[in-house]
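Beneath this line is the structure, given in structure tokens, with notes to follow.
The values are calculated or read from the model by the stated rules, or taken from the named source; none is laboratory data. Worth saying up front: this structure is predicted, and the values here are computed from it rather than measured. Positions of Cβ are generated from backbone atoms using ideal geometry, with glycine treated the same way; all protein chains shown enter the neighbour counts. To get the accessible areas, we keep the full protein, side chains included, count just its heavy atoms, and leave off ligands, DNA and RNA. Shrake-Rupley method; radii C 1.70, N 1.55, O 1.52, S 1.80 Å.
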Amino acid sequence: NTREGAVPDLRRELHDRARPVVVIRPVQLEQEAYWVKKTPPSEPQKGVSGLMGLLKQALSNDPKYQAARSDLDANQEALPQARAGNLPTASFDYQHMSIYQNILRASNPSFSTGDSDYPSKDLTLTITQPVFKVQALVKVNQASVAVEQAQVNLIASEQDLILRLASAYLNLLAAKDARELAKAEREVNEKQFELAQARLESGLGTITQLHDTEARFALTEAREIDASNKFDDALQGIKEIIGVDLGDIQGFKVDFDASPPQPTSVDAWVQAALEQNLALQSRNLALEIS
């Protein structure tokens, strides 16, 4: 299964990383690594969950990622099973027979009377070693490539987990901000409604003003309820990934500017995708297995 180019390097790397955990490599473009310089993260507060802390929990509890790990374990067990086809086979047969006779009376004095037993045993040990078995060799090659494919799928599942968790985390932060904004709007309109009631009682306001402020107050109450429901949904989305209830969350502390892509040519990115895309690598390995 040795091929020229990047495939042998990829396979050696996959064998070295049989169980990948939190592996994010920079995309290789024109012999240079591309990444975004980041501000060193601050120490998380006690009881506050940051994105990296959530990722550690997700790697242990996310069902999709655990399914990919189990698939890798199953494929790794298939490799020694395929190698067994080239091993010798041994069989052992044992037979025991016994002839029993009882002579009560004999006219020939050379035959003794009484009971007689004539036992016999047959033991056979057969060892077979195939000299050349094409089917077994092909199965070993297929199992070996299947292990590599499962390792690629595990890395892809790992990256998918990071993307899903980051999206759910950002949705949760946005829902939290929306809930706080809706709460602030409701509090402001509640005070205006109370002021309109006081002005009406003192004769300085009108019933129209009271109804107007009451309607705006009821609308902001409904918006706050909707924002709270969306926040709860976002919390459940995080829980589906990390497997536990989430406490307080840690948002972003500083502003950041996204770096532009380097190089700016789309051809370099297309070539990198053709060579490094994990889904494409998995399909290529599936083609080789077939």
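Considering only region 202-220, state which residues are in contact with a helix residue (DSSP H, G or I) (Cβ under 7 Å, 6 or more places away or on another chain) and open to solvent by 80 Å² or more (accessible area, probe 1.4 Å).
I207, Q209, E214, R216
Note down all Cβ pairs under 9 Å where the first residue falls in region 239-256 and is surrounded by 13 or more Cβ atoms within 10 Å (Cβ to Cβ), the second is part of a strand (DSSP E or B), and they're at least six residues apart or on different chains.
I242/S49; L246/S49; I249/V48; I249/S49; Q250/V48; Q250/S49
Between a residue in region 265-283 that is closer than 20 Å to V147 by Cβ and any residue that is surrounded by 13 or more Cβ atoms within 10 Å (Cβ to Cβ), which pairs come within a Cβ distance under 6 Å, given they are 6 or more apart or on different chains?
Pairs found: L278/V152; L278/I155; L278/A156; Q281/V152; S282/Q149; S282/V152; S282/N153.
What do you reckon, is A90 under 30 Å from S144 (Cα atoms), among the hydrophobic types (A, V, I, L, M, F, W, C), modelled with pLDDT of 90 or more and surrounded by 10 or more Cβ atoms within 10 Å (Cβ to Cβ)?
Here the answer is yes, as A90 does meet what is asked.
Inside region 134-152, can you point out the residues that are of a type outside the set (D, E, K, R) and open to solvent by 20 Å² or more (accessible area, probe 1.4 Å)?
Selection gives V134, Q135, L137, V138, V140, N141, Q142, S144, Q149.
If E224 meets every condition in (1) open to solvent by less than 90 Å² (accessible area, probe 1.4 Å); (2) modelled with pLDDT under 90; (3) touching a helix residue (DSSP H, G or I) at 6+ places or on another chain (Cβ under 8 Å); (4) more than 21 Å from A58 (Cα to Cα) apart from one, which number is that one?
(2)
Within region 153-165, can you find the residues that are aliphatic (A, V, I, L, M) and open to solvent by 30 Å² or more (accessible area, probe 1.4 Å)?
Across region 153-165, the qualifying residues are A156, I162, L163.
Just to be sure I understand, how many residues within region 98-133 are under 60 Å from the mean Cα position of the chain (by Cα), open to solvent by less than 100 Å² (accessible area, probe 1.4 Å) and at pLDDT below 85?
2
Could you list, in sequence order, all residues of region 234-274 that are in contact with a strand residue (DSSP E or B) (Cβ under 8 Å, 6 or more places away or on another chain) and not hydrophobic (A, V, I, L, M, F, W, C)?
G247, D248, Q250, P261, Q262, P263
Considering only residues that are among the aliphatic types (A, V, I, L, M) and surrounded by 12 or more Cβ atoms within 10 Å (Cβ to Cβ), look in region 257-278 and name the one that is modelled with the highest pLDDT.
Within region 257-278, the match that is modelled with the highest pLDDT is L278.
Could you grab the pairs with beta carbons closer than 7 Å, sequence gap of 6+ or different chains, first residue in region 219-235 and touching a residue at least 24 places away in the same chain (Cβ under 8 Å), second one open to solvent by 90 Å² or more (accessible area, probe 1.4 Å) and assigned to a helix (DSSP H, G or I)?
These pairs meet every condition: E224/K183; A234/N171.
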